[in-house]
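Take a look at the structure below.
Read-outs throughout are calculated quantities, based only on the coordinates presented, and are distinct from any laboratory measurement. Being a predicted model, the structure only gives us computed values, none of them experimental. Please note: Cβ atoms are built from the backbone with ideal geometry, for glycine as well, and neighbour counts cover all protein chains shown.
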Amino acid sequence: MNESLSTRRLVTRLLLVVVAMFAFGFALVPIYEVMCQAFGINGKTAGAYGGTQAVDEQRQVRVQFLATNAAGMSWEFRPQADEVTVHPGASTQMLFVAHNPTGQPMTAQAIPSVAPSKAAAYFHKTECFCFTQQVLQPGERIEMPVRFIVDRDLPADVQHLTLAYTLFDITARKPPVAQVSR
């Protein structure tokens, strides 16, 4: 009887550990977001921007663009230009080009980051291909715009920003629908 009670306690403790681990797994995303915001890490952009600002014609900021593919992504992916010079407060657009050289439809998702990380809160995307998943048919090439505003409140010591995108193949998670030729 003593051994049965001991086994029951062990099973109860193990079940509690499993429930706690499961709950912790759900809590990781909000904890990660709070940590990134508190410590200014991960270079996440400020997101969609609904405000309007006067343009600061006295100041210029260089914005560099990088495009990389995650492991296993076979698309060609690049910005149309390596960099632009902007005035804080001005709306600016850059086009990124993607091409699916494979023989099957694919779905992709772009994940952005901004460096230096302290400038990420001052970089506002008003339109971005990273807000949606991109589906390309075999051989298809598209131009994807990103429109952004560098905030006038960007610290004066920041004169150069880098907007980098990593393109991920998510076809296995969200299979595209092939277009039917008529």
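Kindly put Ile111, Ile142 in sequence by how many other C-beta atoms sit within 10 Å of each C-beta, fewest to most.
Numbers: Ile111 12, Ile142 15.
Final ranking by Cβ density, sparse to dense: Ile111, Ile142.
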Practice item. Could you pull out every residue, at least 5 positions away or on a different chain, whose amide H is within less than 5 Å of the one on Glu127? Hs are placed 1.01 Å off N in the peptide plane, and Pro or chain starts have none. Key: Arg147
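Calculate the FRET efficiency for Gln133 and Asn2 from the Cβ-Cβ distance with a Förster distance of 41 Å, rounded to the nearest 0.05.
Values: r = 58 Å, r/R0 = 1.42.
FRET efficiency, Gln133 to Asn2: 0.10.
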